[in-house]
Amino acid sequence: MAVNLKINNMDVTVPEGTTILEAARSINVDIPTLCYLKEINEIGSCRMCVVEIKGARALQASCVYPVAEGMEVFTNTKAVRDSRKVTLELILSNHDRKCLTCVRNQNCELQKMSTDLGVDDIRFLGENPYYDVDNLSPSIVRDPNKCILCRRCVSVCKNVQTVSVIDAVERGINTIVGSPFGVSLSETPCVNCGQCIVVCPVGALREKDDTDRVWEAIADPAKHVIVQTAPAVRIALGEEFGMPIGTRVTGKMVSALKLMGFDGVFDTDTAADFTIMEEGTEFLQRLEKGGKLPLITSCSPGWVKFCEHNFPDFLDNLSSAKSPHEMFGAITKSYYAEKQGIDPASIYVVSVMPCTAKKFEAAREELSGTGYPDVDAVITTRELGRMIKQSGIEFTKLEDGQFDTPFGAASGAGVIFGATGGVMEAALRTVADILTGQDLQAIDYEAVRGIEGIKEATLEIAGKKVRVAVASGLGNARKLLESIRSGEKEYEFIEIMGCPGGCVAGGGQPIVDAKTQMEINVRAARASAIYAEDKAMTFRKSHKNPIVSKIYQEYLGEPCGHLSHKLLHTHYMQRANY
Amino acid sequence: MAVKNTIPFRGTPQQEQELQDVIARYKDCAGATIPVLHEAQRIYGYLPIEVQKMVSEGLNVPLAEIYGVVTFYTQFTTEPKGAYHIAVCLGTACYVKGSGDIIDRIKTRLGVDVGSCSNDGKFSLEATRCIGACGLAPVLTVNEDVYGRLVLDDIDGILDKYLK
Ligand code: SF4
Ligand code: SF4
Ligand code: SF4
Ligand code: FES
């Protein structure tokens, strides 16, 4: 039902159930918000978004106040402005206001609000106890001194990811957001997904910065430093330089990396093709020989750690294939080292990832099939953006560069790894060709595309029925696995990504503020850029990538063969909670 | 941010059984967290991480949420009571007669903070609201013993009795 109301004397008609905030923004009336994050945190706690409603006694929080027929709302009265300013000054009075050295400088919702509301003085002297910064996790750094208690991180961790390792603790002036008993995140079942970082309006949560380690390696003449970039980085990096969401900057990214001084600039997409060869073969073997099904993908390290903590009974379902960037590292420190005559000990592999959990993954001891860690450093899309700025490179003006050989050519299948459903589709493209013995032309598996949390399809491949499911976001993964545990559902093949929407919306991606998130569906915009990259590729199936066939012939032998197993596969372990 | 509690957990199998029974009774009720935590505190006297973990696993409520509840409500404590539990009244009558100084003296003498327990488990210290003994102000109790009309110089003598 439609509801008619007036906002600042302007008529507006919106569906029933709309909030005042949404109604106002629909007619371009801006109301400042801080705790509100569409669909994730709608708790009305910060009171930055207050408005006057004719007939109401007090100012009301517009982000949670539903519209009503005939309502008259004023968003810009003196009372409203004064109230917001006092609220903001109170928040700022016990905020650690060191913007110049803050990771969110110029990309901070609090800082922007302070400018927008014209705060030029803080009239209150806050009590400022100092809290230790938690930097023991390999992925996530928490600085409670910058926390404004908006609880967006708590909501995303609890309701979206169902991991729930942070919550508001203590009361009153002593309230902070933290882990139970004040332990470090690294001692909790935190899966390092970084979703808390991308929802945080301020600099209270950030990735563990590894850029210094990378700069040091580049400066070390004894090291052969190579870099690889994940599919989802190239469609988001531009945002760090003010480009629109969904802009493809593959060529500029490659040029920038070359200018920064890497000895080789490679594409993780090529490695994703190897992952498909291994995982696809594993699937066929399990399907034909009656192995453990469903096979579940294992390239999302947030999901893998979640499984180790919460679903140990599914560890045998996980594909033993390493994630693409780890495969890349292993192949580089074996095949590439041999071919190029470089001592693998001197090779330093840097992964640029949309993901904070990859930092934890790279530190897993079992991921060192060559005797060296597969990957030496992982930086996120955001960290790469910072390094490019530090280099004085004018990113938007760069010409397009080309990835180096041999790991520069990839198939479209490798590209779509970046979106939810992509790994499944990539695998199906290869598995279907093998099962039918044909070069199939219908390879767009629309049923597994799209940003829904759980997708299902039943496919007929060479007379075999293959039931597949795709889940992204760990709350959805939990739901899916519980339905299998209870016997309600059965599948042969499942893809799970830890972040809602897949890697395009990973915890290492550029941060989009709450207001923009109301206007643009970030996941969908980035995903469509991924599928555009796929369409533009010469080869769109992993097994058609000539590099892949070449390296199997020359070096690896068969997928899932002896050497592949040593270099390209791994194992998992049950992990205790706390 | 460090884990404050340094006293080793000494829960018995009987206590655990009792708690499991409580959890089983409440398991499928909405809003079970607070009543179960009350029972747990009755059984153990306090709510250390070990007990909170049992409640978390038993009720399938994340530990972070349990801990949030425990630290939000003042009736819950994560600190054990010492063999001697000292409670100093900070009600108005006692306070104006100097119970603040008394508490400070005890803190320095025993090295125990308000709301915590000494590392050897012997003493714990609590600041209470009015206990209704205003005629005796300022007043403190050590377990069942009541001491009233105190002056600062009484404190060492009282503590000596329990330190022996
Ligand atoms: S969080 Fe924002 S306001 Fe606070 S110091 Fe950082 S940039 Fe400044
Ligand atoms: S990284 Fe993920 S699991 Fe860990 S606290 Fe943040 S949201 Fe929760
Ligand atoms: S850490 Fe960030 S997201 Fe979490 S409550 Fe604090 S300010 Fe909000
Ligand atoms: S109360 Fe509405 S944005 Fe915080």
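The values are calculated or read from the model by the stated rules, or taken from the named source; none is laboratory data. Since this is a predicted model, take the numbers as computed values, not measurements. We place every Cβ from the backbone using ideal geometry, glycine too, and count neighbours over all the protein chains shown. Note: accessible area is taken over every heavy atom of the protein model, side chains too, but ligands, DNA and RNA are not part of it. Shrake-Rupley method; radii C 1.70, N 1.55, O 1.52, S 1.80 Å.
Over segment B:84-163, one equal point on each Cα, no solvent: what is log10 I(q)/I(0) by the Debye formula at q = 0.18, 0.20, 0.22, 0.25 Å⁻¹?
-0.63, -0.79, -0.97, -1.26
Which pairs break 29 Å Cα to Cα here: A:K223/A:K358; A:K322/A:K489; A:K146/A:K389; B:K53/B:K161; A:K289/A:K535?
Too far apart for the 29 Å limit: B:K53/B:K161; A:K289/A:K535.
Is there a quick way to get the dipole size of the protein assembly as shown? I mean about its Cα centre, with the Cβ of Lys and Arg at +1 and of Asp and Glu at -1; what is the value in debye to the nearest 20?
Here the protein assembly as shown has a charge dipole of around 960 debye.
Starting from the amide H of B:F123, placed 1.01 Å from N in the peptide plane, find each other amide H under 5 Å away whose residue is 5 or more places distant or on another chain.
Here B:A83, B:Y84, B:S118 satisfy the definition.
Anything over 31 Å Cα to Cα? Flag those among A:K158/A:K566; A:K479/A:K550; A:K252/A:K359; A:K98/A:K515; A:K38/A:K541; A:K208/A:K541, in the order listed. Don't jump to the answer; show the numbers that get you there.
Values: A:K158/A:K566 38 Å; A:K479/A:K550 41 Å; A:K252/A:K359 25 Å; A:K98/A:K515 24 Å; A:K38/A:K541 37 Å; A:K208/A:K541 35 Å.
In this structure, A:K158/A:K566; A:K479/A:K550; A:K38/A:K541; A:K208/A:K541 exceed 31 Å between Cα atoms.
Separation of segment A:319-361 and segment B:143-159 by C-alpha centroid, Å?
69 Å
Take peptide A:174-185, look around each residue's Cβ out to 10 angstrom, count Cβ atoms belonging to other protein chains, and average those counts.
5
With a cut-off of at most 12 other beta carbons within 10 Å, and DSSP calling the residue loop, which chymotrypsin sites (Phe, Trp or Tyr not before Pro) in segment A:98-150 qualify? Please list them.
Of the chymotrypsin sites (Phe, Trp or Tyr not before Pro), the ones in loops of segment A:98-150 whose Cβ has at most 12 other Cβ atoms within 10 Å are A:F124, A:Y130.
Which percentage, to the nearest 5, of the DSSP beta bridges contained in the protein assembly as shown is antiparallel?
If I count the DSSP bridges inside the protein assembly as shown, around 55 percent turn out antiparallel.
Could you pull out the chymotrypsin sites (Phe, Trp or Tyr not before Pro) across segment B:4-72 that fall in loop regions by DSSP (anything but H, G, I, E, B) with no more than 15 other Cβ atoms inside 10 Å?
B:F9
Which shape class applies to segment A:129-204: rounded if a/c is under 1.5, otherwise prolate when a/b exceeds b/c and oblate if not, where a ≥ b ≥ c are the square roots of the Cα gyration tensor eigenvalues?
Rounded shape, in that the Cα axes give a/c under 1.5.
Mind listing, in residue-number order, the residues in segment B:5-49 that have at least 10 Å² less accessible area with every protein chain present than in their own chain alone (1.4 Å probe)?
Those are B:I49, which lose 10 Å² or more relative to the chain on its own.
Over all distinct alpha-carbon pairs, what is the Kirkwood Rh of segment B:1-127 in angstrom?
Details: mean 1/r = 0.0629 Å⁻¹.
One decimal place: 15.9 Å for the Kirkwood radius.
Would the protein assembly as shown count as rounded, prolate or oblate if I go by the C-alpha gyration tensor, calling it rounded below 1.5 in a/c and otherwise prolate when a/b exceeds b/c, oblate otherwise?
Judged from the Cα gyration tensor, the protein assembly as shown comes out prolate (a/c at least 1.5, a/b above b/c).
Accessible surface of A:L563 in the full protein assembly, 1.4 angstrom probe, to the nearest 10 Å²?
Near enough 50 Å² of accessible area.
Which one of A:T115, A:N94, A:N135 has its Cα pushed farthest toward the positive end of the charge dipole of segment A:76-173, where Lys and Arg give +1 and Asp and Glu give -1 at the Cβ?
Going by the Cα projections, it comes out as A:T115.
Could you work out how far helix B:33-44 tilts from the main Cα principal axis of chain B, as a 0 to 90 degree angle to the nearest 10?
It works out to around 60 degrees.
Let me have the 222 nm mean residue ellipticity of the protein assembly as shown computed from DSSP H runs of 4+ only, each contributing -39500 (n - 2.57), with the sum over all residues rounded to the nearest 500.
-10000 deg cm²/dmol, from helical runs alone.
What shape does segment A:2-92 take by its C-alpha gyration tensor, where a ≥ b ≥ c are the square roots of the eigenvalues and a/c under 1.5 counts as rounded, a/b above b/c as prolate, and the rest as oblate?
Values: a/c = 1.97, a/b = 1.35, b/c = 1.46.
Oblate, since a/c reaches 1.5 and b/c is not below a/b.
I'd like the mean, over residues of B:65-73, of how many other protein chain beta carbons sit within 10 Å of each residue's own Cβ.
Working: counts 8, 2, 9, 11, 2, 4, 12, 7, 1.
Shielding by partners across B:65-73 averages 6.
Please sort A:201-211, A:518-528 by packing, taking for each peptide the average over its residues of neighbouring beta carbons within 10 angstrom, highest first.
Values: A:201-211: 22.7, A:518-528: 18.9.
Per-residue mean Cβ counts within 10 Å order the peptides as A:201-211, A:518-528.
May I ask for the distance between the Cα centers of segment A:392-449 and segment B:49-113, given as a whole number of Å?
For segment A:392-449 versus segment B:49-113, the Cα centre distance is 58 Å.
Taking +1 at the Cβ of each Lys and Arg and -1 at the Cβ of each Asp and Glu, which of B:L159, B:Q20, A:N159 sits farthest along the dipole of the protein assembly as shown towards its positive end, judged by Cα position relative to the Cα centre?
B:L159
What's the ranking of A:498-510, A:405-417 by average number of surrounding C-beta atoms within 10 Å, highest first?
In decreasing order of mean packing, A:498-510, A:405-417 become A:498-510, A:405-417.
Need one value: the accessible area of A:K479 in square angstrom, 1.4 angstrom probe, rounded to the nearest 10.
130 Å²
Per residue of segment A:40-52, in order, report the coupling 6.51 cos²θ - 1.76 cosθ + 1.60 (Karplus, θ = phi - 60°) as ³J(HN,Hα) in whole Hz, putting x for Gly and Pro.
Once rounded to whole Hz, the list reads 10, 9, 10, 10, x, 9, 8, 6, 6, 9, 5, 9, 9.
Using a probe radius of 1.4 Å on protein heavy atoms only, what is the accessible area buried between chains B and A, both sides summed, to the nearest 100 Å²? Could you put the intermediate results ahead of the total?
Values: alone 9580 and 23300 Å², together 31220 Å².
For B against A, buried area totals roughly 1700 Å².
Would you please give the residues with an amide H less than 5 Å from that of A:M537, counting only those at least 5 places away or on a separate chain, with H modeled from the backbone geometry?
Excluding prolines and chain starts, which carry no amide H, there are no hits.
What does the accessible area of A:L90 come to, in Å² to the nearest 10, when a probe of 1.4 Å is used?
That residue has around 90 Å² of solvent-accessible surface.
Hey, what angle do you get for helix B:154-163 against the long axis of chain B, alpha-carbon based, 0 to 90 degrees rounded to 10?
50 degrees
Set Lys and Arg Cβ to +1 and Asp and Glu Cβ to -1, take the dipole of the protein assembly as shown about its Cα centre, and tell me which of A:Y65, A:V214, A:L318 lies farthest positive.
A:Y65
For segment B:11-69, which trypsin sites (Lys or Arg not before Pro) pass both filters: DSSP loop (anything but H, G, I, E, B) and at most 12 other C-beta atoms within 10 Å?
Listed in order of number, the matching sites are B:K27.
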